[in-house]
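Here is the structure we will look at.
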Amino acid sequence: MKLPFGWALPAVAVGATIVALAAESNRSIAVPAGTVAVAAAGLALWLAVRRWGRRELAAANETTVVESTADWFDEGVMGQEAIVLMLDRIERQLLHPDLPSRSNDEFTRLRMLPAEEFLDYVEQRLGELEAGS
């Protein structure tokens, strides 16, 4: 098991717990040692959960984008609209942050393109995005 912070925090938690238990009735040692043990264990748990959540989210985002865009080509009109929106979003992020939203007429025209013409449109847009970045 590889922890995101190594074994230092769990080792501190175990060591401080041992010191707190060994101190028995000497509260001036037991209370601070117990506090350190609880804090180290809590921090270790928080860092592990935070790192695990980020890794799961990154993995989910990677597969979702690839799978969903492949499905969009099979979804007909609604898929074409989703692809156009995605290309517009990429263009805003890479090249033109002030790119205006498409009008309903533009969406209607793009949605009604036959499959081969729509693929040509997508290829052209991707070429423009690659050339501009």
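Summing Lys, Arg as +1 and Asp, Glu as -1, what charge do residues with Cβ under 12 Å from the Cβ of Arg109 carry, Arg109 excluded? Once all neighbours under 12 Å are counted, the net charge is -2. Working from label points 7 Å from Cα in the Cα-to-Cβ sense, the Gln124 to Val31 distance is 7.7 nm.
Please find the FRET efficiency linking Glu116 to Trp52, where r is the Cβ-Cβ separation and R0 is fixed at 41 Å, and quote it to the nearest 0.05. Mind showing how you got there, number by number?
Numbers: r = 45 Å, r/R0 = 1.09.
After rounding to 0.05, the efficiency reads 0.35.
Site pair His96 and Trp7 shows an inter-label distance of 5.8 nm when each label is modelled 7 Å from Cα along Cα→Cβ. Taking other C-beta atoms within 10 angstrom as a stand-in for reagent exposure, Glu123, Glu91 fall in the order Glu123, Glu91, fewest first. Per-residue 3J(HN,Hα) values for segment 12-23, derived from phi via the Karplus relation 6.51 cos²θ - 1.76 cosθ + 1.60 with θ = phi - 60°, read 4, 4, 5, x, 5, 5, 4, 5, 5, 5, 6, 5 Hz in sequence order (x marks Gly and Pro). The modelled label-to-label distance between Glu106 and Ala131, using points 7 Å beyond Cα along the C-beta direction, is 1.8 nm.
No value in this document is a laboratory result; all are computed from the given coordinates. Every value quoted in this text rests on a predicted model; they were computed, and no experiment measured them. We place every Cβ from the backbone using ideal geometry, glycine too, and count neighbours over all the protein chains shown.
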